[in-house]
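Contents: one structure, followed by commentary.
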Amino acid sequence: MYQTSRPRGDSPVSIIGAGIAGAWQALLFAQAGHTVTLHERSDAVMTDATSHWAGGMLAPWCEAEVAEPIISRLGLRSLDLWRAELPDTPFNGSLVVAHARERADFERFAKMTSEHRRLDANNLAELEPSLDGRFRDALFFPGEGHVEPRRVLPKLHERIVAAGGTIRFNSEVDIDNLYGIVIDCRGLGARDVEGELRGVKGEMILIETAEVQLARPVRLIHPRWPLYVIPRENNLFMLGATSIETEDTGVSVRSALELLSAAYTVHPAFGEARILEFGSGLRPAFPDNLPRITIRDGRIAVNGLYRHGFLLAPALAELTLGYVECGQIDNEVMQCA
Ligand SMILES: Cc1cc2nc3c(=O)[nH]c(=O)nc-3n(C[C@H](O)[C@H](O)[C@H](O)COP(=O)(O)OP(=O)(O)OC[C@H]3O[C@@H](n4cnc5c(N)ncnc54)[C@H](O)[C@@H]3O)c2cc1C
């Protein structure tokens, strides 16, 4: 990290997009005393945002299996920021399990990741009684957390207002009509300026059952149907997520069968659960699947959060604030175009 000359002092800050990226930017800037307006083109339910469809796992160590080290670096910082801002965020850890025939893949996952403990069947049953007798062993990542996106986004929006910021829903703005400090967090809506962005479809299913209780996300290793089950309030569970290189937003029969079948193998009681919702979101991604903060024509763009928006948004907001207030540049994430 090095320092550049300090940009534009105390101009008002306009942030476009109230998904997880824009919400954290608005929060940290408002708390730092800036005059913040957050513009969101959809209403407060935010079904247009990818963030609405997300799992909300805060899992820097599990993600290290497939992600670059930068994801863990920013993710670890974000965990501290989530803890500080919303101390009731559940940090119950996460579990990784596999059926006997996926032993080799399970051992590979264990090798590729760190900060986990191996649990035998008894330890697993103590931690998650519903999984008693279901798996021979498990990996437990005690430092990981999870949030419920549809509850946490409104909480962040409330905190922005409490810190003195303004949020305008149903406000589709043209970036060229904004003055002062402009932070573009439009996700896939920013393709007019970010030609390389693509959407990677993630399908999810919401189910309800009182027959299974879980306190933390459970990932099932599977060569064709990798799955996670995330507990939500009121006996709800999110099953997710596919990762498909398409911008079609439908949920296919194949994906539904695979997610539901995999959940059934985690616990047969999921077979009796009620299906409440099928849905999908498009993850905004650059070709390298890494996040970018781009400084271009005096504007700042935060995008490409791909499958890690909830994990990365707080740390990215801190970096942007550091740039605006002190001219700091993080070479791994920031590009001056
Ligand atoms: C199924 C699924 C599961 C996922 N699970 C996880 C997970 O467990 N953990 C994790 O960290 N990440 C997860 N992700 C990834 C995460 O959801 C994304 O990285 C994140 O939502 C991207 O956030 P964003 O704020 O950049 O974009 P968005 O959430 O899409 O927000 C952009 C906002 O900008 C608004 N907008 C666009 N144009 C304009 C305009 N002109 N004016 C005003 N507003 C505008 C849009 O309406 C939208 O609300 C998951 C994604 C999917 C699809």
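The values are calculated or read from the model by the stated rules, or taken from the named source; none is laboratory data. Since this is a predicted model, take the numbers as computed values, not measurements. Don't worry about glycine lacking a Cβ; one is built from the backbone with ideal geometry, like all the others, and counts go over all protein chains shown. Protein only, heavy atoms only, side chains kept; ligands, DNA and RNA dropped before computing areas. Shrake-Rupley method; radii C 1.70, N 1.55, O 1.52, S 1.80 Å.
Looking at (1) among the hydroxyl-bearing types (Ser, Thr, Tyr); (2) over 27 Å from residue 166 (Cα atoms); (3) surrounded by 21 or more Cβ atoms within 10 Å (Cβ to Cβ), which is the only condition residue 113 fails?
Exception for residue 113: condition (3).
Sort out which residues of the stretch 129-164 are closer than 15 Å to residue 55 by Cβ and in a helix (DSSP H, G or I), and write them in order of number.
149, 150, 151, 152, 153
Taking the stretch 275-289 only, how many residues are open to solvent by 40 Å² or more (accessible area, probe 1.4 Å) and closer than 18 Å to residue 62 by Cβ? Walk me through it before giving the result.
Step one: of the stretch 275-289, the residues open to solvent by 40 Å² or more (accessible area, probe 1.4 Å) are 275-278, 287-289.
Among the residues that remain, those that are also closer than 18 Å to residue 62 by Cβ are: 289.
Adding up the residues that qualify gives 1.
Scan the stretch 19-54 for residues that are small (Gly, Ala, Ser), within 9 Å of the ligand (Cβ to nearest atom) and surrounded by fewer than 24 Cβ atoms within 10 Å (Cβ to Cβ) and jot them down. Walk me through it before giving the result.
Just the residues of the stretch 19-54 that are small (Gly, Ala, Ser), to begin with: 19, 21-23, 26, 30, 32-33, 42, 44, 49, 51, 54.
Restricting the remaining residues to those that are within 9 Å of the ligand (Cβ to nearest atom) gives 19, 21-23, 42, 49, 51, 54.
The answer is 42, and nothing else.
Taking only pairs six or more apart or across chains, which ones have beta-carbon atoms under 6 Å, a first residue in the stretch 37-66 that is on the phi > 0 side of the Ramachandran plot, and a second residue that is of a type in the set (Val, Ile, Thr)?
From the stretch 37-66, the pairs are 56/147.
Of the conditions (1) farther than 26 Å from residue 206 by Cβ; (2) within 13 Å of the ligand (Cβ to nearest atom), residue 73 fails just one. Which one is it?
The single condition residue 73 does not satisfy is (2).
Exactly one of (1) farther than 23 Å from residue 239 by Cβ; (2) part of a loop (DSSP other than H, G, I, E, B) is unmet by residue 55. Its number?
(1)
Of the numbered conditions (1) farther than 25 Å from residue 22 by Cα; (2) in a loop (DSSP other than H, G, I, E, B); (3) of a type outside the set (Lys, Arg), residue 239 fails exactly one; give the number of that condition.
That leaves (2) as the condition not met.
Which of the numbered conditions does residue 79 fail, given that it passes all the others? Conditions: (1) away from the ligand (no atom under 11 Å from the Cβ); (2) among the hydrophobic types (A, V, I, L, M, F, W, C); (3) open to solvent by 10 Å² or more (accessible area, probe 1.4 Å).
(3)
Within the stretch 172-217, how many residues turn out to be away from the ligand (no atom under 13 Å from the Cβ), surrounded by 21 or more Cβ atoms within 10 Å (Cβ to Cβ) and either of a type in the set (Ser, Thr, Tyr) or farther than 21 Å from residue 29 by Cβ (or both)?
Final tally of qualifying residues: 2.
Hey, does the stretch 147-166 have a residue that's open to solvent by 40 Å² or more (accessible area, probe 1.4 Å), touching a His at 6+ places or on another chain (Cβ under 8 Å) and at pLDDT 95 or above? Break it down into steps so the answer makes sense when it comes.
Within the stretch 147-166, the subset open to solvent by 40 Å² or more (accessible area, probe 1.4 Å) is 148, 150-151, 154-155, 158-159, 161-162, 164, 166.
So of that shortlist, the ones also touching a His at 6+ places or on another chain (Cβ under 8 Å) come out as 150.
Subset that is at pLDDT 95 or above: 150.
Checking the stretch 147-166: at least one residue is open to solvent by 40 Å² or more (accessible area, probe 1.4 Å), touching a His at 6+ places or on another chain (Cβ under 8 Å) and at pLDDT 95 or above.
Would you check if there is a residue in the stretch 275-282 being under 22 Å from residue 186 (Cα atoms), assigned to a strand (DSSP E or B) and more than 10 Å from the ligand (Cβ to nearest atom)? Spell out how you get there, then give the answer.
Our first condition is that a residue be under 22 Å from residue 186 (Cα atoms); within the stretch 275-282, this holds for 279-282.
The next check asks that each one be assigned to a strand (DSSP E or B); those that pass are 279-282.
Now restrict to residues that are more than 10 Å from the ligand (Cβ to nearest atom): none.
So far as the stretch 275-282 goes, no, none of its residues is under 22 Å from residue 186 (Cα atoms), assigned to a strand (DSSP E or B) and more than 10 Å from the ligand (Cβ to nearest atom).
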